[in-house]
Structures are given as structure tokens and as C-alpha cells.
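Heads up, the thing below is written out as C-alpha cells.
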Amino acid sequence: MASNGRYVMEGCMPEGDLDIASVTSGQILKRSFSFRVNLPPRLQEELKSGSGNPDDPRHILTGMDGMLFDQEGNPLLSVEEWKLRISFNTDDFQPAGQALVMGITTGYTAFVEFTEAVVNDGRVAQILSGLKHPGRRDSLTFTGVLYGHTA
């Protein structure tokens, strides 16, 4: 039985550059976003596509299977690409008398990045309006869904 994978990223704050417009003549207008995820990402539902057999290529997912929603579950953006990335911080540790230097994970950073096909400026307007007021910024919640294929 197929089930959708649902990934929840909460406490998202803008990170790095925001492409307000990236224009190529004759091409679809796209916009890239990058957010720091300030709460641990959650796997709300586990993805299972088709029968779950990894040897069956009919159930391989494509990029068209992603969608982002707001915290109320309403569609947020038309998203062509999205990526949830976790970067680990690792320190070296060498016990006394040992030649092997081990790696110890001391923390991690999570990022969500996505590209939308531009339809309107609603999301960008919300981010830019927050820049007018120094201090506390509203964080956003994104839910990325991968739709599993039925068996």
C-alpha cells in the first residue's frame, strides 16, 4: 500500500540570498528561497511508494511529486524543486594512548531550499515586509510532501 512522505520543517527563517527575480528571455520565471530550519525536522509520515519493492522501477518518484503547504495545510507555493539538507558539525577526539582520531558529532544545522515557478509575489511580500521592522521576525513552517504511487 502506498503512503505519502510528509516532512515538516518548523521555525524557518530566511538564510543567504533570496532571488526576487531571475529572468531569462523566453524561460519560465523562477525564484529561489533558502531558509534555516530552527527546530528539528520531523518525519510526520513515512514514504512508501507502490509495493515498497526497491527493485520495481515503476514506483520511483520524480521531482513532480513534491508540494509545499502552509501550517494550516493550504497549498503555499507551486514548487518545482525543494531540498531539505542537514549539515553535521564534527569535532576530532583522540583518546589517550590511541592512534585513531575519532569524529564526535557536536551539533547540526538544517536548511530547506526550494525553487518556485513565479505566479504572484505573496510570499516574497511577506518576507520583505518583515525586513522593515528590526528585531523579531516571524518564522515560517513548511511541509514538504512526496506522493507515493499506488501499487
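Checked against (1) surrounded by 10 or more Cβ atoms within 10 Å (Cβ to Cβ); (2) modelled with pLDDT of 70 or more, PHE69 passes all but a single condition, namely (2).
Kindly indicate whether THR115 is modelled with pLDDT of 90 or more, surrounded by 12 or more Cβ atoms within 10 Å (Cβ to Cβ) and within 17 Å of the chain's Cα centre (by Cα). Walk me through it before giving the result.
Numbers: modelled with pLDDT of 90 or more: no; surrounded by 12 or more Cβ atoms within 10 Å (Cβ to Cβ): yes; within 17 Å of the chain's Cα centre (by Cα): yes.
Against the criterion (modelled with pLDDT of 90 or more, surrounded by 12 or more Cβ atoms within 10 Å (Cβ to Cβ) and within 17 Å of the chain's Cα centre (by Cα)), THR115 does not qualify.
Of the residues SER22, SER34, the single one that is under 17 Å from GLU116 (Cα atoms) and buried (at least 17 other Cβ atoms within 10 Å of the Cβ) is SER34.
The values are calculated or read from the model by the stated rules, or taken from the named source; none is laboratory data. None of the values given here were measured: they were computed from a predicted structure. With ideal geometry, Cβ positions are generated from the backbone for all residues, glycine too; neighbour counts draw on all protein chains shown.
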